[in-house]
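Participant: Can you keep this structure in mind? I'll have questions shortly.
The values are calculated or read from the model by the stated rules, or taken from the named source; none is laboratory data. Quantities reported herein were computed from a predicted structural model and do not represent experimental measurements. Note that we place each Cβ from the backbone using ideal geometry, even for glycine, and neighbour counts take in every protein chain shown. Ligands, DNA and RNA are stripped out before the accessible areas are found, and what is left, the full protein with its side chains, is counted by its heavy atoms. Shrake-Rupley method; radii C 1.70, N 1.55, O 1.52, S 1.80 Å.
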Amino acid sequence: MVSTDRVTRARALVTGASSGIGRTFAKRLAADGYDLVLVARREERLRGLAEELEALGADCEILVADLSKPEGLSEVERRARVGDVEMLVNNAGFQTYMPFVELDPAVGEAEISVQVTAVMRLSRAVLPAMLGRRSGAIINVSSMLAFSAGLDNAFLPKRAVYAATKAFVNAFSETLASELAGTGVKVQALCPGVVRTEFHDVDGKPVLRPNVPIMEPEAVVQASLAGLELDDVVCVPALDDRGLLDDELEARRTLFGSGRGSELSPRYRKGG
Ligand SMILES: NC(=O)c1ccc[n+]([C@@H]2O[C@H](COP(=O)([O-])OP(=O)(O)OC[C@H]3O[C@@H](n4cnc5c(N)ncnc54)[C@H](OP(=O)(O)O)[C@@H]3O)[C@@H](O)[C@H]2O)c1
């Protein structure tokens, strides 16, 4: 929590602030004493939110930008580089749940632009000033689907590109967090399960299967901010047993140690 004193208020930049988790982050951060830069494509929504947050005492800038377009991303990047952003929430995103062979490749590319390229470029833009101040936080909104590669649970959606973007977010966040250890700058990959937002709407209506556990966006944001204080690089809002994440990291360590030899494995000596 930061001071509400006008002189010392910190600024947060939230992408995808017009709806769902991003909007909830913006509201919570304004209540906690942050000024904001609100980014999304729907200007009316951003204006309405800014009015609400200004009533809470937050100074709000609006940046109407399409992060799937190079010019939109460049504009946000320019703002991120100014040097006053203390918290970056890379949240904007959308799903393309469908068989990969049916996905319009241009839409898949736009998804990668918003959920991979923008996450990388905006993180790179805010970091020099954060490192100079020796404080700051980058929250990258990922998903439990980051852990879903190769899982064939019948209830899971077809998700090759979506899951791959979120696996990028986790690998990027975890690796960057290690690189930044001791600098005062924190990085988090926030991995919710299903959250009640417009993400699941088709033609304005929710299309979630019945009985799926759904978390409210306020709980997701609460977990993320509490997780930052706990230095949780991977934050899974509904996970009680942190040991499962330790086990997963340990399995990676073992695999990494075993798979980088110079000798060809017997499995691959014949055939091909
Ligand atoms: N809801 C879930 O179950 C769930 C679960 C795990 C992870 N997530 C992740 O949570 C994040 C937020 O999603 P949400 O659930 O809050 O969905 P949402 O309510 O649909 O909000 C998505 C936000 O992203 C913005 N956005 C989408 N495309 C954009 C673009 N090209 N340029 C700029 N902004 C763009 C939207 O704004 P405009 O349309 O106004 O541009 C909107 O503000 C996403 O990264 C998503 O992958 C969601």
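Participant: Take the residues in the stretch 19-31 that are without any contact (Cβ under 8 Å) to a residue 40 or more places away in the chain and open to solvent by 10 Å² or more (accessible area, probe 1.4 Å); name whichever of them is farthest from Q115 (Cα to Cα).
Facilitator: Ranking the qualifying residues of the stretch 19-31, first place goes to A31.
Participant: Exactly one of (1) at pLDDT 95 or above; (2) farther than 16 Å from G136 by Cβ; (3) outside any strand (DSSP E or B) is unmet by R6. Its number?
Facilitator: Looking at each condition in turn, R6 falls short on (1).
Participant: Same structure, new question: If I ask for residues that are in contact (Cβ under 8 Å) with a residue 60 or more places away in the chain and either in contact with a Leu (Cβ under 8 Å, 6 or more places away or on another chain) or away from the ligand (no atom under 13 Å from the Cβ) (or both), which ones from the stretch 95-122 would you list?
Facilitator: T96, M98, F100, A118, L122
Participant: Any idea which of (1) among the acidic types (D, E); (2) within 12 Å of the ligand (Cβ to nearest atom); (3) under 21 Å from V221 (Cα atoms) is the one E52 doesn't satisfy?
Facilitator: Here E52 clears every test but (2).
Participant: Looking at the structure I just gave you, is E86 more than 10 Å from the ligand (Cβ to nearest atom), assigned to a helix (DSSP H, G or I) and either more than 19 Å from T15 (Cβ to Cβ) or at pLDDT 95 or above (or both)?
Facilitator: no
Participant: Would a scan of the stretch 129-137 turn up a residue that is under 23 Å from R42 (Cα atoms), touching a residue at least 12 places away in the same chain (Cβ under 8 Å) and buried (at least 19 other Cβ atoms within 10 Å of the Cβ)?
Facilitator: No, because not a single residue in the stretch 129-137 is under 23 Å from R42 (Cα atoms), touching a residue at least 12 places away in the same chain (Cβ under 8 Å) and buried (at least 19 other Cβ atoms within 10 Å of the Cβ).
Participant: Further question: If a residue must be at pLDDT below 95 and not in a loop (DSSP other than H, G, I, E, B), how many such residues does the stretch 135-173 contain?
Facilitator: Matching residues across the stretch 135-173 total 0.
Participant: Sticking with this structure for a sec: (1) touching a His at 6+ places or on another chain (Cβ under 6 Å); (2) open to solvent by less than 40 Å² (accessible area, probe 1.4 Å): which one isn't true of L208, the others all being true?
Facilitator: (2)
Participant: Restricting attention to the stretch 9-18, which residues are modelled with pLDDT of 95 or more, open to solvent by 10 Å² or more (accessible area, probe 1.4 Å) and more than 9 Å from the ligand (Cβ to nearest atom)?
Facilitator: A10, R11
Participant: If you go through the stretch 95-118 one residue at a time, how many are under 12 Å from A164 (Cα atoms) and in contact with a Ser or Thr (Cβ under 7 Å, 6 or more places away or on another chain)?
Facilitator: 5
Participant: Considering only the stretch 65-76, state which residues are surrounded by 17 or more Cβ atoms within 10 Å (Cβ to Cβ) and outside any helix (DSSP H, G or I).
Facilitator: Those that are surrounded by 17 or more Cβ atoms within 10 Å (Cβ to Cβ) and outside any helix (DSSP H, G or I): A65, D66, L67, S68.
Participant: If I go through the stretch 89-109 residue by residue, how many of them are in a loop (DSSP other than H, G, I, E, B), hydrophobic (A, V, I, L, M, F, W, C) and surrounded by 21 or more Cβ atoms within 10 Å (Cβ to Cβ)?
Facilitator: Qualifying residue count, the stretch 89-109: 1.
Participant: With the structure loaded, tell me whether V195 is near the ligand (Cβ under 10 Å from one of its atoms) and either among the acidic types (D, E) or surrounded by fewer than 18 Cβ atoms within 10 Å (Cβ to Cβ) (or both) or whether it fails that test.
Facilitator: When the stated conditions are applied, V195 does not pass them.
Participant: Is there a residue in the stretch 28-47 that is touching a Ser or Thr at 6+ places or on another chain (Cβ under 6 Å) and small (G, A, S)?
Facilitator: Yes: the stretch 28-47 contains one or more residues that are touching a Ser or Thr at 6+ places or on another chain (Cβ under 6 Å) and small (G, A, S).
Participant: A further question follows. Could you look through the stretch 174-192, keep only residues that are out of contact with any strand residue (DSSP E or B) (no Cβ under 6 Å at 6 or more places or on another chain) and in a helix (DSSP H, G or I), and pick out the one that is least open to solvent (accessible area, probe 1.4 Å)?
Facilitator: E174
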